[in-house]
Amino acid sequence: MSELDPGTMQHTQTTVGASLNRIILYVRDVDISACFYSFFFGFKVVRTPTDRLTELVPENGGAHLLLHRAGKAQKLGQASVKLVFDVEDVQAFRKEANKKGLKFGPVHKADGYSYSNAKDPDGNSVQVSSRAYRDQNKGK
C-alpha cells in the first residue's frame, strides 16, 4: 500500500474490527505525568511491577493513557497529536483546573461547542472540549 487514493477508497465491513482505546504517551518523568493526569483529569493510576508502562484509566470511560518513559534522544511535546478531554462545561473545568494550578488558554467558540488548550508537564498539547455534548446542548 505505497500510495493511497482517497477517491478509490471506500469504507467496507470488515471481520476484524479495530477501536482506539489506548494511547501511548512518551514522557520524561512517569510519576510527574501520572500525577498530572490523575490530579487534573481524574485518571486512576495503575502500575504493575513487571510492566514498563504505567496505565491511566479514566473514571468515566474512554481511552486509557499508557505512560512510557521517553528515551534521552527523544524530543517531547512535538508530536502532531493533541489529547482532547470531553467536558460538558469548558469554562467551569478551566476555573477548577486554574485553582489547582493548570493554566488553560482562552475559551474558543466553534460550531455549537467550546474548547480550551493547555500543555502537560512534557509540553504535549491537551484540550478540554464540549464538542461531544453539542447536540444535547442545542437550544439551551
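The values are calculated or read from the model by the stated rules, or taken from the named source; none is laboratory data. Bear in mind the structure is a predicted one, so any value in this text is a computation, not a measurement. A quick note on method: Cβ atoms are made from the backbone with ideal geometry, for glycine too, and the neighbour counts reach across all protein chains shown. These accessible areas exclude ligands, DNA and RNA; they are computed on the full protein's heavy atoms, side chains included. Shrake-Rupley method; radii C 1.70, N 1.55, O 1.52, S 1.80 Å.
Conditions: (1) hydroxyl-bearing (Ser, Thr, Tyr); (2) modelled with pLDDT of 95 or more; (3) open to solvent by 80 Å² or more (accessible area, probe 1.4 Å). Tyr37 meets all but one. Number of the miss?
Going through (1) hydroxyl-bearing (Ser, Thr, Tyr); (2) modelled with pLDDT of 95 or more; (3) open to solvent by 80 Å² or more (accessible area, probe 1.4 Å) one by one, Tyr37 breaks only (3).
What do you reckon, is Ser114 touching a Lys or Arg at 6+ places or on another chain (Cβ under 6 Å), open to solvent by less than 90 Å² (accessible area, probe 1.4 Å) and either of a type in the set (Gly, Ala, Ser) or touching a residue at least 24 places away in the same chain (Cβ under 8 Å) (or both)? Before you say what the answer is, go through the steps one by one.
Details: touching a Lys or Arg at 6+ places or on another chain (Cβ under 6 Å): no; open to solvent by less than 90 Å² (accessible area, probe 1.4 Å): yes; either of a type in the set (Gly, Ala, Ser) or touching a residue at least 24 places away in the same chain (Cβ under 8 Å) (or both): yes.
No.
Within region 53-70, can one find any residue that is of a type in the set (Lys, Arg), in contact (Cβ under 8 Å) with a residue 40 or more places away in the chain and within 20 Å of Arg22 (Cβ to Cβ)? Spell out the reasoning first.
Of the residues in region 53-70, the ones of a type in the set (Lys, Arg) are 69.
Imposing the further condition that a residue be in contact (Cβ under 8 Å) with a residue 40 or more places away in the chain reduces the set to 69.
In the following step, the residues that additionally are within 20 Å of Arg22 (Cβ to Cβ) were identified as 69.
Within region 53-70, one or more residues are of a type in the set (Lys, Arg), in contact (Cβ under 8 Å) with a residue 40 or more places away in the chain and within 20 Å of Arg22 (Cβ to Cβ).
Pick out the one residue from Gly42, Gly139 that is at pLDDT 90 or above and over 15 Å from Arg28 (Cα atoms).
On the way: Gly139 fails: at pLDDT 90 or above.
After applying the criteria, what remains is Gly42.
For region 38-61, check the following and say yes or no: at least one residue is under 13 Å from the mean Cα position of the chain (by Cα) and hydroxyl-bearing (Ser, Thr, Tyr).
The first filter runs over region 38-61 and keeps only residues under 13 Å from the mean Cα position of the chain (by Cα), leaving 38, 40-43, 56-58, 61.
Subsequent filtering for residues that are hydroxyl-bearing (Ser, Thr, Tyr) retains 38.
Within region 38-61, one or more residues are under 13 Å from the mean Cα position of the chain (by Cα) and hydroxyl-bearing (Ser, Thr, Tyr).
Taking only region 70-111 into account, find how many residues are modelled with pLDDT under 90, of a type in the set (D, E, K, R) and open to solvent by less than 100 Å² (accessible area, probe 1.4 Å).
Matching residues across region 70-111 total 1.
In a loop (DSSP other than H, G, I, E, B) and over 14 Å from Leu25 (Cβ atoms): is that true of Glu59 in this structure? Spell out how you get there, then give the answer.
Working: in a loop (DSSP other than H, G, I, E, B): yes; over 14 Å from Leu25 (Cβ atoms): yes.
Here the answer is yes, as Glu59 does meet what is asked.
Let me spell it out: the conditions are (1) open to solvent by less than 30 Å² (accessible area, probe 1.4 Å); (2) touching a helix residue (DSSP H, G or I) at 6+ places or on another chain (Cβ under 6 Å), and Gly123 meets all of them except one. Which number is the exception?
Going through (1) open to solvent by less than 30 Å² (accessible area, probe 1.4 Å); (2) touching a helix residue (DSSP H, G or I) at 6+ places or on another chain (Cβ under 6 Å) one by one, Gly123 breaks only (2).
Looking at Asn124, Asn98, which is the one that is at negative phi and within 13 Å of the chain's Cα centre (by Cα)?
Numbers: Asn98 fails: within 13 Å of the chain's Cα centre (by Cα).
Answer to the check: Asn124.
Run Val46 past the list (1) farther than 18 Å from Asp122 by Cα; (2) open to solvent by 40 Å² or more (accessible area, probe 1.4 Å); (3) touching a helix residue (DSSP H, G or I) at 6+ places or on another chain (Cβ under 6 Å) and report the number of the one that doesn't hold.
For Val46, the exception is condition (3).
Only residues in region 19-30 that are in contact (Cβ under 8 Å) with a residue 40 or more places away in the chain and aliphatic (A, V, I, L, M) count as the first member; pair them with residues that are open to solvent by 60 Å² or more (accessible area, probe 1.4 Å) and not in a strand (DSSP E or B), Cβ under 9 angstrom, at least 6 apart or cross-chain, and list the lot.
Filtered contacts from region 19-30: Ile23/Val81; Leu25/Ala79; Leu25/Val81; Val27/Pro121.
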